[in-house]
Amino acid sequence: MVQAIFDLKQRGDAAEAGALTSWLCGSGNVAGTVKKHAGIKGDIGSRDALAYLRGVLEIAKALGYKGMLIVIDEAETILRMRKDSRHKSR
C-alpha cells in the first residue's frame, strides 16, 4: 500500500495517491479503479486504519526514528459534528 502511494506520487498522480491515503483513513468513497491499482479489495474501517497506523509507526521505529508526527487537518470539522458522531472520529 505505501509503495503504491509512493509510486503514484513519483508519477505525479497526486489525486490517486490522495485517494489511497483517504482509503487508509477509513473513507468508503474511494473508486474501485484506484483500489485495484494497489491490489485492494473492500473497505477499511476506522479501527483497521488505526492498526495500520501502528504498523507504520513500528516500521519507522525499526528504521531508527524515535517516532512520527501526525498532523490533524480536520479538527475543526470534527468539533462541529454531533457528539455521538464525533466519538467515532477518535
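How much of the accessible area of the stretch 1-41, in percent, comes from carbon and sulfur atoms when a 1.4 Å probe is used?
53
Please compare each pair in Lys36/Lys83; Lys9/Lys41; Lys9/Lys83 to a cut-off of 32 Å on the Cα-Cα distance and tell me which ones are over it.
Beyond 32 Å between Cα atoms: Lys36/Lys83; Lys9/Lys83.
Work out, step by step, the length gained on full extension between Leu79 and Lys9: first 0.36 nm times the residue separation, then minus their alpha carbon distance; give nm to one decimal.
22.1 nm
How do Lys61, Lys41 rank by accessible surface area computed with a 1.4 Å probe, from largest to smallest?
Lys41, Lys61
The values are calculated or read from the model by the stated rules, or taken from the named source; none is laboratory data. From a predicted model like this one, the values you see are computed outputs, not experimental measurements. Heavy atoms of the whole protein, side chains included, go into the accessibility calculation; ligands, DNA and RNA do not. Shrake-Rupley method; radii C 1.70, N 1.55, O 1.52, S 1.80 Å.
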